[in-house]
1. Express the Stokes-Einstein translational diffusion coefficient of the stretch 133-203 in µm² s⁻¹, to the nearest whole number, given a Kirkwood radius over alpha-carbon pairs, 4 °C and a viscosity of 1.567 mPa s.
2. Under a straight-distance cross-link criterion of Cα-Cα below 16 Å, which aspartates and glutamates are reachable from LYS192, leaving out those fewer than 8 residues away in the same chain?
3. Can you list residues whose amide H is under 5 Å from ASP75's amide H, if they're 5+ apart or on another chain and H is modeled 1.01 Å from N?
4. Which cross-chain or sequence-distant (5 or more) residues have an amide H under 5 Å from the amide H of VAL158, H modelled 1.01 Å from N in plane?
5. Longer than 19 Å from Cα to Cα, which of LYS24/LYS46; LYS60/LYS173; LYS64/LYS173; LYS24/LYS173 are they? Say none if no pair is.
6. Cα gyration tensor of the stretch 1-57, axes a ≥ b ≥ c as square roots of the eigenvalues: rounded (a/c below 1.5), prolate (a/b > b/c) or oblate?
7. Could you tell me the extents of the chain's C-alpha atoms along the three principal axes, largest first, rounded to whole Å?
8. Less than 15 Å Cβ to Cβ from SER178, Lys/Arg counted +1 and Asp/Glu -1: what total charge do the surrounding residues give?
Amino acid sequence: MKFNDVYNHERVTRKFTNRKVNEKMIAQIIERAQQSPSLLNSQPWKAYTLTGNALSGLKKEVKKQLDLKVEPHEDFARMLSLNWDPYPSQNMAALGASQPYFFNNKMDLFTNANNTMFNAQDVVFVTIPKASPVWSVYDLGIFSQSIMLLAINEGLSVMPAHSMVSYPELVRKYGHISEDELIGMAIGLGYKDNTAEVNDDKYIPARLPFEEIYKLVK
Ligand SMILES: Cc1cc2nc3c(=O)[nH]c(=O)nc-3n(C[C@H](O)[C@H](O)[C@H](O)COP(=O)(O)O)c2cc1C
């Protein structure tokens, strides 16, 4: 695909079809993503793809936790309970206010999609070592973005989500991931279910006016 087409396709997909992604394709995507830049070439990232029995086992156990209303406890600080600066807080509030989907009667669509891991058949969990400077989070973000753009270039749809790492001990168990690694976010890869309402283009959230986020200073 042309780069602009790849870039313009970068919208999240909250419901995938049951079609699995070719394992070799995923491996090639991750291998190419290794070319991402990182501080001093530290390459702090690792990636674990869960699929088949490993992923269905994880989904079942996550569902149990959700049914028991166990509080999410991501390895990365509980983002939504942190003291956000007013700037991103306002952006999040404005997005919600402009998206009836998030707050009105469509909240269930969003919650169900998250609680069922978006029906993803292949999920990549990305990690950094527990002893990491904040720079490594930056590096992991770039690595994740590379994975997503490369995946879109292969005709896949993507779903980055912290909700899939709500119970990191379960991700560790099913992914055979060491206690020494922090589980960042997860990226669902797959084929978009075009019949699912949650994927409707009308729910794509707006971006801030460009002038609000950019200044050219001479
Ligand atoms: C680090 C990260 C975590 C995210 N976690 C979730 C999540 O848990 N659930 C969800 O539905 N969307 C999640 N998203 C997707 C964002 O909500 C989405 O990218 C944003 O609303 C903009 O929508 P768009 O990418 O379709 O333009 C996450 C995105 C990122 C980058």
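1. Numbers: Rh = 14.0 Å.
In µm²/s, the coefficient rounds to 92.
2. GLU10, ASP122, GLU154, ASP200, ASP201
3. Under 5 Å from the amide H of ASP75: ILE183.
4. HN-HN under 5 Å from VAL158: THR13.
5. Working: LYS24/LYS46 17 Å; LYS60/LYS173 13 Å; LYS64/LYS173 15 Å; LYS24/LYS173 24 Å.
Beyond 19 Å: LYS24/LYS173.
6. oblate
7. If we take the Cα atoms of the chain, the spans are 48, 46, 40 Å.
8. Values: positive: LYS46, LYS130, ARG172, LYS173; negative: ASP75, GLU169, GLU179, ASP180, GLU181.
Here the charged neighbours net out to -1.
Each value in this text was obtained by applying a stated rule to the coordinates, not by laboratory testing. Since the structure is predicted, the reported quantities are computational estimates derived from the model, not experimental observations. Neighbour counts are summed over all protein chains in view; Cβ atoms, including those assigned to glycine, are modelled from backbone coordinates with ideal geometry.
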